[in-house]
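Scroll down for the structure; my scribbles are underneath it.
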Amino acid sequence: MRLDKLLTAAGLTRAQAKRAVAEGRARVNGEVARDAGLRVDGMQVLLDGRPVTEPGEVYWMLHKPAGVLTAVRDAREKTAFALLPEDVRRREPSPIGRLDRDVTGLLLFTTHGELLHRLISPRYAVEKVYIARVEGTPDASDAETLAAGVAFSDFTARPARLEVLEEGLVRLTVTEGRYHEVKRLLAAVGHPVLSLAREAMGGVQLDADLDAGEGRPLSDDEIARLFRAAQLDAEQNDHP
Ligand code: URA
């Protein structure tokens, strides 16, 4: 981790962190640090003589509303990232996968690079569960088609599990995150999506108490589920 990132994680704004370094108030392994970009992993860092320790990772759940981009930054459009509380944003967590602008529901954020990588990599086949309102109502043969893996011109989708919840309302479980995959799969069986929401990912459900736009940190149990889904050793989970 860079020195400036560690200082911001410890509660300073970026500007304050830069100024603290420029003013010689930060020491790394006993030496006054001059470079805010210095990597300080495993080193002792003092600010104004007091130790600054590396904080735990961020694991955050957001109920993404419609109309916001998943992108971390966008010059013109509202982003999901901007809906995180400031102290969480300062840690610069990344979204775990993307949801289209019109898609709502569970969007997870983390600073844990390896967890992020595995949860979105098709290799680990992490389940993502969507609820879709569709035109018409799919039948058993549509479910079979989706379970067999639909072939598109650019890729063949992995098998997806379809459950019809009620007329025009389905749950679809996929294990990869191709661009517009759920919309494309349902359109391919003749039931275009009217609205789409993600309900769960890697065994973590969207908290029904969160209104659109709200979020909260993941519980220990939810973090453990993600680590299991990503086939990662729980020891790599260094949240506080
Ligand atoms: N599939 C889609 O079509 N859109 C999303 O946002 C996520 C999955």
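The values are calculated or read from the model by the stated rules, or taken from the named source; none is laboratory data. Remember, it's a predicted structure, so these values are computed and weren't measured experimentally. Every residue, glycine as well, gets a Cβ built from its backbone with ideal geometry; the counts of neighbours run over all protein chains shown. These accessible areas exclude ligands, DNA and RNA; they are computed on the full protein's heavy atoms, side chains included. Shrake-Rupley method; radii C 1.70, N 1.55, O 1.52, S 1.80 Å.
Sequence-distant contacts, meaning Cα pairs under 8 Å at least 6 residues apart, place the relative contact order of the stretch 1-135 at 20 percent.
The H on the amide N of residue 195, modeled in the peptide plane, is under 5 Å from the matching H of 133, each at least 5 residues off or on a different chain. Per atom type, the chain shows carbon and sulfur on 47% of its accessible surface, probed at 1.4 Å. Averaged per residue, the stretch 15-134 has 51 square angstrom of accessible surface, using a 1.4 angstrom probe with ligands and nucleic acids left out. Computed on protein heavy atoms with a 1.4 Å probe, the accessible areas place 7, 194 in the order 194, 7, largest first. Of the residues 190, 202, 24, the one that moves most in a GNM of the chain with alpha-carbon contacts below 10 Å is 24. Considering only 189, 103, 68, the mean-square fluctuation computed in a Gaussian network model of the chain, springs between alpha carbons under 10 angstrom, is largest for 189.
Looking at the chain alone, DSSP beta bridges between its own residues are antiparallel in about 95 percent of cases.
Of 101, 14, 228, the residue with the greatest mean-square motion in the GNM of the chain, using alpha carbon springs below 10 Å, is 14.
Shown here for the stretch 36-139: GluC sites (Glu not before Pro) in loop regions (DSSP other than H, G, I, E, B) with at most 16 other Cβ atoms within 10 Å, namely 77, 127, 135. Seen through its C-alpha gyration tensor, with square-root eigenvalues sorted a ≥ b ≥ c, the chain comes out prolate because a/c lies at 1.5 or above while a/b is bigger than b/c.
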